[in-house]
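Undergrad: Would you mind keeping the following structure in view while I ask a few things?
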Amino acid sequence: MTDNNDTFPEKQKAWLAIRRGVPSKALRLDDNVAVSSKLQEGEVLVKVQAAALNHIDYMLLGLLPNAFVGRPHVISHDFAGTVVSSRDSKIKEGEEVFGAILAPTQHKTGQGALAQYVRVPAKFVAQRPQNITPTQAAGIPLVALTAYQVLFEIAKLEPEQSLFVNGGSTAVGLAAIQVAKALGCKVTATASGKNEELVKSLGTDVFIDYTKTPANEVLQRDPPSPKFHAILDAVGNIDLHLWTHSEAYLAPDGIFVSVGPRPSGAGDLPLLVRYAWEAFLRPTWLGGVKRKWRMVQVKENQEHLEYIAKLISEGKFKFVVDSVYEFDDVPKAFEHLMTRRARGKVVIKVDPNVA
Ligand SMILES: NC(=O)c1ccc[n+]([C@@H]2O[C@H](COP(=O)([O-])OP(=O)(O)OC[C@H]3O[C@@H](n4cnc5c(N)ncnc54)[C@H](OP(=O)(O)O)[C@@H]3O)[C@@H](O)[C@H]2O)c1
């Protein structure tokens, strides 16, 4: 065990989720939050340099009442920083790391990324590759883990197979394109024209501008040969056409993976019911699509993060940062993320002097 109480204070600044609602009303910047320094075996305390926002942050904030999610708790999942205390045999004090603490652990422990210090199991972090800064690293874990888990664990993609990414310019899509290309797969991706150059620069072989013609129509008219081995819907729209027409362009033993539906409000309930019916309830003998459908549920995983870190070190995975905000400007940063127009990650400087 390496414990050095001189290196961190008892109290810290942190953004707390205090009630259900929109970020501007449901979050509070508090400068008197206890630093959780009593580590259990296998845990580390990280001095956070930068954190990043994800859609799940405000979705849970707007959806679930306090009793379900242990509020108040520190918000956000992705972080990069320095280990200041460790009770782990692998990740030691002084190491520069990046990682994610996801909702189940966050709600149980109250810990989150938008704080000066976060206490996490060491297996949630990996060493930060030295060719990227903390600001660049902070946005990577959650979306890269999602991409890794979709491609390797759910789709079980192999070199030379083909992947279709709906939403190539989403942060999840950008990560999936790069992981698939590093594996040696062929990638087709959608984005709007303004993001064509970005998704192609990361290796996309075939580009579809979804603002001109819906992707399912383009693919039905001119299906790939052979058909895709996997489709990742990284947009999460509740428009189901991509799935309901997928027999035309997804191989019979292929798989359709969704990041989950994206309701815009309570009024979308009938659409959500239709989504559930079409995606996983409707049997094929009642006209259901004869393809496998799965929804990804990202999990922390050190080995997966180390795989991404290796790709970064080798120059095969480029971080894409949309914007960087100061710690006091978190509500403004959420407003920007919620436009769903970001090109890459929305990052928060927790240490104002971080690169
Ligand atoms: N289930 C899980 O475990 C899991 C894990 C991670 C993320 N997610 C979900 O995955 C989704 C994506 O997250 P993210 O952070 O990657 O999103 P993001 O980066 O914020 O997405 C913004 C991008 O989406 C593009 N976009 C918007 N509508 C589009 C459409 N109809 N077709 C194609 N592209 C479109 C925008 O490009 P244009 O401006 O060019 O349209 C913009 O570049 C979210 O709903 C998130 O909650 C789920």
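What follows is calculated from the coordinates using simple rules that are stated; it is not laboratory data. This is a predicted model, so every value here is computed, not measured. Every residue, glycine as well, gets a Cβ built from its backbone with ideal geometry; the counts of neighbours run over all protein chains shown.
Undergrad: Can you give the FRET efficiency to the nearest 0.05 for Ser192 and Lys90, using r as the Cβ-Cβ distance and R₀ = 41 Å?
TA: 0.45
Undergrad: While we're looking at this one, here's another question. Between Asp222 and Leu63, with labels modelled 7 Å along Cα→Cβ, what's the label distance in nm to one decimal, could you check?
TA: 3.7 nm
Undergrad: Could you tell me which residue out of Ile177, Gly203, Gly193 lies farthest along the dipole of region 142-295 toward its positive end? Charges go on the beta carbon: Lys and Arg +1, Asp and Glu -1, centred on the Cα centre.
TA: Ile177
Undergrad: Can you give the longest stretch of the chain with no exposed loop site, where a site means GluC sites (Glu not before Pro) in a DSSP loop (not H, G, I, E or B) with at most 10 other C-beta atoms within 10 Å?
TA: Longest stretch, sites excluded: 161-355.
Undergrad: Could you list Leu232, Leu250 so that the one with the fewest beta carbons within 10 Å of its beta carbon is first and the one with the most is last?
TA: Listing Leu232, Leu250 from fewest to most nearby Cβ atoms yields Leu250, Leu232.
Undergrad: For the pair Lys13 and Gln40, what calculated FRET efficiency results from E = 1/(1 + (r/R0)^6), where r is the Cβ-Cβ distance and R0 = 25 Å, to the nearest 0.05?
TA: Rounded to the nearest 0.05, the efficiency is 0.55.
Undergrad: Select from Gly260, Leu27, Pro72 the residue farthest towards the positive end of the dipole of the chain; place +1 on Cβ of Lys and Arg, -1 on Cβ of Asp and Glu, and compute about the Cα centre.
TA: With unit charges placed on the Cβ atoms, the residue in question is Gly260.
Undergrad: Is there a pair in Lys156/Lys332; Lys47/Lys332; Lys38/Lys316 whose C-alpha atoms are over 27 Å apart, and which pairs would that be?
TA: Lys156/Lys332; Lys38/Lys316
Undergrad: Taking the Cα-to-Cβ direction at Glu335 and at Lys299 and moving 7 Å from each Cα, how far apart do the two end points lie in nm?
TA: The answer from the label model is 3.9 nm.
Undergrad: Shifting gears a bit: For Val206, list long-range residues whose amide hydrogen, built 1.01 Å from N in the peptide plane, is under 5 Å from its own amide hydrogen.
TA: Val187, Thr188, Ala189
Undergrad: Which of the trypsin sites (Lys or Arg not before Pro) across region 223-298 are loop residues per DSSP, with 16 or fewer other Cβ within 10 Å?
TA: Here the trypsin sites (Lys or Arg not before Pro) that fit, given the DSSP loop and packing criteria, are Lys290.
Undergrad: Here is a follow-up. Measuring from centroid to centroid over Cα atoms, what is the spacing of region 62-98 and region 285-355 in Å?
TA: 16 Å
Undergrad: Local charge sum around Arg291 (other residues, Cβ-Cβ under 11 Å, Lys/Arg +1, Asp/Glu -1)?
TA: +2
Undergrad: If you don't mind, another one. Let me know the volume per residue of the alpha-carbon convex hull for region 142-295, in Å³.
TA: Looking at region 142-295, the number lands at 110 Å³ per residue.
Undergrad: Tell me the label-point distance for the pair Thr213, Glu153, using the 7 Å Cα-to-Cβ offset, in nm and rounded to one decimal.
TA: Placing both labels 7 Å beyond Cα along the Cβ direction yields 3.7 nm.
Undergrad: Helix-derived [θ] at 222 nm for the chain: sum -39500 (n - 2.57) over DSSP H runs of at least 4, divide by residue count, nearest 500?
TA: When only DSSP H runs of four or more count, the value is -7000 deg cm²/dmol.
Undergrad: Based on the alpha-carbon gyration tensor of the chain and its eigenvalue square roots a ≥ b ≥ c, which shape applies: rounded if a/c is under 1.5, prolate if not and a/b is larger than b/c, or oblate?
TA: prolate
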